[in-house]
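Asker: Shown below is the structure under consideration.
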Amino acid sequence: MADKSTYSISELAKEFDVTTRSVRFYEDQGLLKPSRRGQTRIFSSKDRVRLKLILRGKRMGFSLAETKELFDLWDETLSGNEKQLLKMLEILEARRAQLEQQKNDIAQAEMEMDTAEARCREALAELQKKKEKQNASEKARA
């Protein structure tokens, strides 16, 4: 589908496995700028690339505002600029730090779960021993 020059909203939605509502939302946010033929949206190959970048950014944790800022910086020039590249690096660095913190938080949560599980198993084993002793003493009295 990449070799076409224009796309309908349903073609883009199908290609990228998103709803047409999502595509319209990205348009409302100013991230996509289709032309119109009456009520019909006509998306360009530039819109297609932008949708691909929006979804990639979303997977990497970029906010739509960050994505829009990068698009706006790109639109200032014909081929992007140093300001855009520096902004991209800044966003990537912040996102990487956020992911690192999440990894640390997950590791901490796993350690706490391991400790809680071990304590539960010890307490359960202790209860089962007491129950066995109680049953044994009841049988001995009978």
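Asker: Separation between the ILE42 and GLN128 pseudo-spin-labels, each 7 Å from Cα along Cα→Cβ, expressed in nm?
Answerer: 7.3 nm
Asker: Rolling a 1.4 angstrom probe over the protein heavy atoms, how many square angstrom per residue are accessible across the stretch 33-142?
Answerer: Here the per-residue accessible area is 80 Å².
Asker: As an exercise, use a Förster radius of 25 Å and the Cβ-Cβ distance of THR19 and VAL49 to find the FRET efficiency, rounded to the nearest 0.05.
Answerer: 0.80
Asker: Note the full-extension length gain between SER137 and ARG59 as 0.36 nm times their separation in residues minus their Cα-Cα distance, in nm to one decimal.
Answerer: Between SER137 and ARG59, full extension yields 21.9 nm more.
Asker: What FRET efficiency comes out for ASP28 versus ASN104 if R0 is 35 angstrom and r is the Cβ-Cβ distance? Round to the nearest 0.05.
Answerer: With a Förster radius of 35 Å, E is 0.45.
Asker: Please identify the DSSP H helices in the chain that span no less than 18 Å along the helix axis (Cα) and have a mean Kyte-Doolittle hydropathy of -1.0 or more.
Answerer: Correct list, ordered by number: 45-59.
Asker: Determine which lysines satisfy two conditions relative to LYS129: a Cα distance under 26 Å, and not lying fewer than 8 residues away in the same chain.
Answerer: Partners within reach: LYS139.
Asker: For the chain, set up a GNM with springs between Cα atoms under 10 Å and report which of ARG95, ARG50, ARG121 has the largest fluctuation.
Answerer: Looking only at ARG95, ARG50, ARG121, the largest GNM fluctuation is found for ARG121.
Asker: Can I ask one more? Using the basic label-point model (7 angstrom from Cα toward the beta carbon), what is the GLU90 to THR115 distance in nanometres?
Answerer: If labels sit at GLU90 and THR115, their model points lie 3.9 nm apart.
Asker: Further question: Can you give me the Cα centroid spacing of the stretch 13-65 and the stretch 113-142 in angstrom?
Answerer: Between the Cα centre of the stretch 13-65 and that of the stretch 113-142, the gap is 60 Å.
Asker: Write down the Å³ per residue value for the convex hull defined by the alpha carbon atoms of the chain.
Answerer: 180 Å³
Asker: Exceeding 25 Å between C-alpha atoms, which entries from my cross-link table qualify? They are LYS52/LYS87; LYS14/LYS83; LYS4/LYS83; LYS14/LYS68; LYS58/LYS87; LYS14/LYS87.
Answerer: LYS14/LYS83; LYS4/LYS83; LYS14/LYS87
Asker: Given a Förster radius of 35 Å and the C-beta distance between LYS83 and LYS4 as r, what FRET efficiency does 1/(1 + (r/R0)^6) yield to the nearest 0.05?
Answerer: Efficiency for this residue pair is about 0.65.
Asker: Long-range amide H contacts for ILE42: which residues qualify at under 5 Å (H placed 1.01 Å from N, peptide plane, sequence gap of 5 or more or a different chain)?
Answerer: Amide H neighbours of ILE42: SER35, ARG36, ARG37.
Asker: In terms of the Cα gyration tensor, with a ≥ b ≥ c the square roots of its eigenvalues, is the stretch 16-86 rounded because a/c is under 1.5, prolate because a/b exceeds b/c, or oblate?
Answerer: Oblate, because a/c is 1.5 or more while a/b does not exceed b/c.
Asker: Under a straight-distance cross-link criterion of Cα-Cα below 17 Å, which aspartates and glutamates are reachable from LYS130, leaving out those fewer than 8 residues away in the same chain?
Answerer: Excluding near neighbours in sequence, the set is GLU122, GLU138.
The values are calculated or read from the model by the stated rules, or taken from the named source; none is laboratory data. Computed from a predicted model, the values in this text were never measured in an experiment. FYI the Cβ positions are ideal-geometry reconstructions off the backbone, even for glycines, and counts take in every protein chain you see. Side chains included, ligands, DNA and RNA excluded: accessible areas come from the protein's heavy atoms. Shrake-Rupley method; radii C 1.70, N 1.55, O 1.52, S 1.80 Å.
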